[in-house]
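The values are calculated or read from the model by the stated rules, or taken from the named source; none is laboratory data. Just so you know, these numbers come straight off a predicted model, no measurement behind them. All Cβ positions, glycine included, derive from the backbone under ideal geometry; neighbour counts span all protein chains shown.
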Amino acid sequence: MSKNEGIEYCNVDLRFDRRTIHTFIKSFIQEGYAMYWSESETQLVASVRVGVKMIKLKFYRIGDRFKLVGNYTFTDEKLACLMEKMIGTTRGHAVVKRTRDKCVVIQNIMFGEVIRSVEMVGSKTEVIEHVHAPMSIGHAFYCDRAERRIAAWHTEVDAQLDALFAAMQASDEDGMRSAKIKLAALRQEGLVLEI
């Protein structure tokens, strides 16, 4: 990469088991990076030497698994490729900002897949890609977004039941149909969330 290029990884949220961390440490070493790591009861810290600079990756312990969070900036292309491989393999989340000359590309990655890409050149902003990321059973199992969604889900179900009751009392066929469609969608989501 040239000096005017860089890749920033913001709001990184990756989940690992011990074997996956060891696999990534091994891949860093195979790429020629000097690695140092230490482990305590609360975290595992892997330090990567890039020239004279040390980049610390802090894996916080959550039960028998680990979580990598934070913001990281890389100017080394191989290191950026390894980070993207980690995001994809762990089906993690991140906001990636790539800077080249006067162009900035920002990608929102959710569950290891790009859901939105925005390109900015000067004051001009263009959405390159936008994909809705629904919550699947696998996604719900591996992320804490499901836990946060449950409270809102209950509120939405209550609101739709109230709307259905009001529509039934008013003999409003369209209102009843709309509430039933929304309740069916919420039921499917409830099954995924195991409510």
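Per-structure values
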| quantity | calculated |
| --- | --- |
| Looking only at the range 94-152, and only at residues there that are more than 21 Å from Tyr9 (Cβ to Cβ) and of a type in the set (Lys, Arg), the one that is modelled with the highest pLDDT | Lys102 |
| Where Lys58 falls short, out of the listed (1) at pLDDT 85 or above; (2) surrounded by fewer than 14 Cβ atoms within 10 Å (Cβ to Cβ); (3) under 28 Å from Ile106 (Cβ atoms) | (2) |
| Condition met for Ala167 (farther than 27 Å from Lys26 by Cβ and modelled with pLDDT under 85) | no |
| Qualifying residue in the range 72-92 (condition: hydroxyl-bearing (Ser, Thr, Tyr), loosely packed, with under 14 Cβ neighbours inside 10 Å and in contact (Cβ under 8 Å) with a residue 12 or more places away in the chain) | yes |
| Filter result (closer than 15 Å to Val12 by Cα and of a type in the set (Phe, Trp, Tyr)) within the range 24-83 | Phe59, Tyr60, Phe66, Tyr72, Phe74 |
